[in-house]
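Structure first, then comments.
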Ligand code: SF4
Ligand code: SF4
């Protein structure tokens, strides 16, 4: 296999990282090493199992989210996500058992039990998620037993989430969260297909966390074509609604990285088929609405879907066109959490005339990388679990004008004179549906075409004055 | 000053502090050409990087030994070796700090031992590797910060010839604050080694070429020579002896230690400037005198506004002390003094400062925001001063927050907030006074209406609904303190 280091030599590259980076069209293989453990000292941008589990479960609004572990894990995740609620605000608190040295030595089970008692008493919740962290995994607290006893004592559901940080990465956390959700939705007497009670035109919407109200936007679209959303996993969801999940007749799934496992299990246990959809970008949104209507095989629904697509597209097209004119020919680099997001971003960038020259994810799966490879242009750098030094190198070599990423990547891009798009869970404007498509284009325009670069790219000469053609041109 | 203290409990609701290794990262970001590695699981270091990056808006590269299940069972030295190799290869640092996370400590890793083995095996006898044991469950970020500074001094300081420079050891202040302290030192013609110096590294100008480790920071060579200094000034009066770098330099090398409060407010800045004048045998330059005069002018201009404040001050103990003291100088007495740290010295230290405080002051150590919120409500606090997690108090209780300290995540410019020295104090005071004024202007019409007009009984004629439209409903958080009748 011709690896990157021979394709583009660089003595800073860590040897073990070579198999996780490829340049499309410049290698015989199109296989990328992914889903592997991060290499020590590589300054991986990845988060942990607990982080993945928290991302998925956090939007359950009326649950007590209790982190069993030392304080840090809870401090760094207090209300950092933009999931909105139409009801309870309980989920926005950060509860921790705040384990101290003694608890680590003598075990934290008693403290956990008391913490649950205290919180349930105070907040009268019907549902508690107890997240395990690394330390708990090592000291061997029996989470199951404590949760079970607490559930019985209070007559509510107390669900342990096995999210010890060192047993894998963020995707293991997604799975732990899905397991917790499966326990939550299981009806008394065990899971079984509910063919009779099934609601006819009702779907569960998987993998939308209602960031800045995104799930509400999609719910409205679906309502307008005659589809009821039974419950969203997990944006603006609550205990009661989640319990009804087995009654839907279809699972539509947006973020597959976090939800594919849940969809698969629900198909087996409750006989609910699932369908992949995406509401990011004009093209995907229209295609998804059409596919949902086709699933229900309902001419009226199809007609309404076409009507909605036409109306909404007409409303946003002119503005998006304006941005497209300014942006066409620019180059983007993508580094995001999951493969689904990366794939939709490539498509969204095409809609506004931008080419993607680098794409990577923290936890993309093999089939997602295959898709990324298929839809990328020749010469695109594709990489898994990148670190700042690789991001720096490839943004510069590939001449990116723009990076899409999270909080940690933003300052790096700015320092390099590269524009930036936040595609993170703390965003405060929706990127889904038609309104999201305009927001996206506007945000790209506002950063790529900002006048500040006129000043900030010239300073100091150095790199930019050296006439390096690979650098972003103004 | 009647006082009341509380500790306690089984559950922390909305933490007021971060963990020890996170605090340990910061000093290493203030040493020239240094890198830092967290020995533990990947997730911790990613979270901490995010937390720090969001405050400074700077790239924060921190390695991790990415301990996995295997490392957890058989020990993680292999992982740490690999991490050190890779960090040296990519970043080419001249010093590496190693911090531990809870995981590494729980499985009993001996980082200092591993660090020694590494140096021996790689034949790197002279390479400064500073290993610091910082279990997240062992203390807050404040303790982690001081311990990392101390361990750095312990690792590098060597008996040296006496010289006429002085050591200046600083707590976690903003880069702008550090720049101000340096400016004062330079104005007074003092030769100094300031540790740790994040003034350039964590508030980095746009410049080319981009380097993976930001330029600036305290030079390793200068740290080595700290034992020869004429004196140490340490802004760390809340720092416990066992983690005090200044105390170490004093007991090991006989460097006289002046442990001062952060130079905020007239008194504390006078102490600092006065000490410098004494040490240098010089007088105070005209510029500083003018700045001092301007601060006094600001204090007089604003004193009646400030007198209306009932404050809740929270955060790192060192900063809490400095802020409370500055506020007290201005007649803005705190009702709540809180820190997530277990540091219990604050109360005693603040006793003389708050001697004239007419109201009750409640102290909370090892606290959380649920508790701070309750106490704020009980004591009628109308201004919160501290890091941005205090936005919770604004959202839930309508108390305005003057942001200061670390972290500030919901506003830009935390790294540029200037609060020390005469000039910095003036800017700090203006921020505080303006927060009070903005709050007052927003609320006083509604407050007066509710307090006096209502009592006339005329409101039955439908003015209540008018009120609702004009000033927001009863639930509007801005009005909650008004409804409680706490606004004068
Ligand atoms: S408290 Fe411990 S486990 Fe949690 S983030 Fe801090 S070091 Fe990691
Ligand atoms: S201790 Fe584990 S669970 Fe907590 S932040 Fe670190 S890696 Fe994640």
On Cα atoms only, tilt of B:42-56 relative to the major axis of chain B in degrees
60
First measure r as the distance between the Cβ atoms of residue A:287 and residue A:18, then evaluate 1/(1 + (r/R0)^6) with R0 = 41 Å and state the FRET efficiency to the nearest 0.05.
0.65
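Sorting A:450, A:20 on the 10 Å Cβ count, fewest up front, what's the list? List each step's numbers first, then the result.
Values: A:450 11, A:20 23.
Least to most surrounded, the residues fall as A:450, A:20.
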With the crude spin-label approximation of a point 7 Å out along Cα→Cβ, what separation in nm comes out for residue A:269 versus residue B:290?
7.4
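Please label the shape of segment A:49-185 as rounded, prolate or oblate, based on the square roots a ≥ b ≥ c of the eigenvalues of the alpha-carbon gyration tensor (a/c under 1.5 means rounded; beyond that, a/b larger than b/c means prolate, else oblate). If you can, show how the numbers build up before the last one.
On the way: a/c = 1.40, a/b = 1.12, b/c = 1.25.
Rounded shape, in that the Cα axes give a/c under 1.5.
Over all directions, average the projected area of the Cα convex hull of segment B:166-280 and note it in nm². Could the numbers behind the result be given before it?
Numbers: hull surface 31.5 nm².
That works out to 7.9 nm².
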Can you give me the pair-distance distribution of chain A, C-alpha pairs, 10 Å bins, whole percents?
4, 19, 28, 25, 16, 7, 1, 0
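Going from the alpha-carbon gyration tensor of segment B:8-99, what semi-axes, largest first and in whole Å, does one get by taking the root of 5 times each eigenvalue? Walk me through the intermediate numbers first.
On the way: eigenvalues 112, 78, 21 Å².
Each semi-axis is the square root of five times an eigenvalue, giving 24, 20, 10 Å.
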Both in Å, the radius of gyration and Dmax of the C-alpha trace of segment B:286-439 are 14.7, 48
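Which three numbers, in whole Å and largest first, are the semi-axes of the equivalent ellipsoid of segment B:272-374 derived from its Cα gyration tensor as √(5λ)?
Working: eigenvalues 176, 69, 23 Å².
Taking √(5λ) for each eigenvalue gives 30, 19, 11 Å, largest first.
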For residue B:70 paired with residue A:89, estimate the spin-label separation in nm (one decimal), with each label point 7 Å from Cα along the Cα-to-Cβ line.
4.8
For B:339, B:423, which order do you get if you count the other beta carbons within 10 Å of each Cβ and list the fewest first?
B:423, B:339
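Gain in length, residue A:307 to residue A:429, computed as 0.36 nm per residue apart minus the alpha-carbon separation, to one decimal in nm? If you can, show how the numbers build up before the last one.
Details: separation 122, 0.36 × 122 = 43.92 nm, distance 2.57 nm.
Taking 0.36 nm per residue and subtracting the Cα distance, the gain is 41.4 nm.
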Two-decimal Rg/Rh across segment B:337-411, once Rg and the Kirkwood Rh are taken from alpha-carbon atoms:
0.96
Relative packing of peptides B:108-118, B:147-157 - highest average C-beta neighbours within 10 Å first
B:147-157, B:108-118
Once both labels are modelled 7 Å past Cα along the beta-carbon direction, what's the residue B:207-residue A:110 spacing in nm?
5.7
Amide N proximity, segment A:36-65 versus residue A:118 label position 7 Å along Cα-to-Cβ, cut-off under 20 Å:
A:63-65
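Given the Cα atoms of segment B:20-156, and with Rh set as the inverse mean 1/r over their pairs in the Kirkwood sense, what is Rg to Rh to two decimals?
Details: Rg = 13.5 Å, Rh = 14.6 Å.
So for segment B:20-156, dividing Rg by the Kirkwood Rh gives 0.93.
For residue B:121 and residue B:164, what is the calculated FRET efficiency with R₀ set at 41 Å and r taken between the beta-carbons, to the nearest 0.05? Working shown, then result.
Values: r = 41 Å, r/R0 = 1.00.
My answer for the efficiency is 0.50.
Using the number of other C-beta atoms within 10 angstrom as an exposure proxy, rank B:192, A:455 with the fewest first. Intermediate values should be presented prior to the final figure.
Details: B:192 19, A:455 9.
Least crowded to most crowded, the residues run A:455, B:192.
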C-alpha center-to-center spacing [segment A:228-265, segment B:369-440] in angstrom
41
Mind ordering B:322-332, A:153-163 by average Cβ neighbours within 10 Å, highest first?
B:322-332, A:153-163
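Can you give the helix-only mean residue ellipticity at 222 nm for the protein assembly as shown, where every DSSP H stretch with n ≥ 4 adds -39500 (n - 2.57) and the sum goes over all residues, rounded to the nearest 500 deg cm²/dmol? If you can, show how the numbers build up before the last one.
Numbers: 39 runs with 431 residues, N = 962.
So the calculated ellipticity at 222 nm is -13500 deg cm²/dmol.
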What do you get for the angle between helix A:170-185 and the principal long axis of chain A? Use alpha-carbon atoms, 0 to 90 degrees, nearest ten.
30
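Within a 10 angstrom radius of each residue's Cβ in A:95-104, how many Cβ atoms of other chains show up on average? Whole number is fine.
Details: counts 7, 6, 3, 11, 5, 6, 5, 1, 1, 7.
Per residue, the average neighbour count from other chains is 5.
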Rounded to a whole number, the mean other protein chain Cβ count within 10 angstrom for residues of B:201-211 is 5
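In chain A, what percentage of the DSSP-assigned beta bridges are antiparallel, given to the nearest 5?
Numbers: 4 of 47 bridges.
If I count the DSSP bridges inside chain A, around 10 percent turn out antiparallel.
Could you sort A:61-74, B:257-270 so that the peptide with the highest average Cβ count within 10 Å comes first and the rest follow in order? Present the calculation step by step, with values, prior to reporting the outcome.
Values: A:61-74: 28.2, B:257-270: 21.7.
The peptides rank, most packed first, as A:61-74, B:257-270.
Enter the mean projected area of the convex hull around the alpha-carbon atoms of the protein assembly as shown, in nm², rounded to one decimal.
Hull-based average projected area comes out at 42.0 nm².
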Rounded to the nearest 10 degrees, the helix B:265-280 long axis (Cα) sits at an angle to the longest Cα principal axis of chain B of 30
Set the Förster radius R0 to 35 Å, insert the Cβ-Cβ distance between residue A:26 and residue A:347 as r into 1/(1 + (r/R0)^6), and round the FRET efficiency to 0.05.
0.90
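Tally the DSSP beta bridges in the protein assembly as shown and give the antiparallel ones as a percent, rounded to 5.
10
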Taking Cα centroids, how far is segment A:97-112 from segment A:279-299 in Å?
51
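Laboratory data are not the source of any read-out in this text; all were calculated from the coordinates shown. Predicted, not measured: the structure shown is a model, and the values here were computed from it. Virtual Cβ from ideal backbone geometry, glycine too; neighbours counted across all protein chains shown.
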